[in-house]
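I have placed the structure first, in the form of structure tokens, so that the comments after it can refer back to it.
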Amino acid sequence: MKSDEFTEQVAGRADVGFDKARALTEATLQTLAERISGGEALDLAAQLPEELKAALTSAPETAERFGVNEFVRRVAERAGVDEDTARKGVAAVMTTIRQAVTSGEFDDITSQLPQEFNTLVGAA
């Protein structure tokens, strides 16, 4: 999947314009990289379009521990949107990631997230 296609899918799922979808995508990936191990963030980056990798590759090796509300708050702040838009954006990005990477990789990512993230990630 190419970067523009990824962003267009996020835009459609989150019901936002292309530029806002790009901001939400980058913010979500950056926040996800903080929440999962650095090695897992690099594994995810390897399966995503080149333009999206930078948001994942600067993560520390040790994952931070925070819940869904903090995840959404960070995405909202980074993307410059309200929390409702951020929540829709995170769900859209995670759904698009699920389609863009192998099921094993997606399972590896979600295994590092608490069950409360299922509200954003959805059922497998």
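The values are calculated or read from the model by the stated rules, or taken from the named source; none is laboratory data. For clarity, every value in this text was computed on a predicted model and none was experimentally measured. Cβ atoms come from the backbone with ideal geometry, glycine included; neighbour counts cover every protein chain shown.
Let's see how each residue does on (1) over 22 Å from residue 118 (Cβ atoms); (2) of a type in the set (Asp, Glu):
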| position | (1), (2) |
| --- | --- |
| 23 | yes, no |
| 26 | yes, yes |
| 31 | no, no |
| 36 | no, no |
| 41 | no, no |
| 44 | no, no |
| 61 | yes, yes |
| 68 | no, no |
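Go through region 76-104 and report how many residues are within 13 Å of the chain's Cα centre (by Cα) and surrounded by 13 or more Cβ atoms within 10 Å (Cβ to Cβ).
The number of residues fulfilling the criteria is 18.
Out of the residues in region 6-17 that are among the hydrophobic types (A, V, I, L, M, F, W, C) and within 18 Å of residue 50 (Cβ to Cβ), which is surrounded by the fewest Cβ atoms within 10 Å (Cβ to Cβ)?
6
Go through region 39-61 and report how many residues are touching a helix residue (DSSP H, G or I) at 6+ places or on another chain (Cβ under 9 Å) and either assigned to a loop (DSSP other than H, G, I, E, B) or surrounded by fewer than 19 Cβ atoms within 10 Å (Cβ to Cβ) (or both).
15
Consider only pairs whose beta carbons are under 9 Å apart and that are at least six residues apart or on different chains; among these, list those whose first residue lies in region 16-27 and is without any contact (Cβ under 8 Å) to a residue 60 or more places away in the chain and whose second residue is surrounded by fewer than 20 Cβ atoms within 10 Å (Cβ to Cβ) and assigned to a loop (DSSP other than H, G, I, E, B).
Here the result reads 23/80, each pair linking region 16-27 to a residue that is surrounded by fewer than 20 Cβ atoms within 10 Å (Cβ to Cβ) and assigned to a loop (DSSP other than H, G, I, E, B).
Among the listed residues 51, 8, 61, identify the single one that is within 23 Å of residue 107 (Cβ to Cβ) and not polar (S, T, N, Q).
Matching residue, one of 51, 8, 61: 61.
Being of a type in the set (Ser, Thr, Tyr) and assigned to a helix (DSSP H, G or I) is the filter; apply it to region 75-124 and report the residue that is modelled with the lowest pLDDT.
Looking at the filtered set, the residue picked out is 119.
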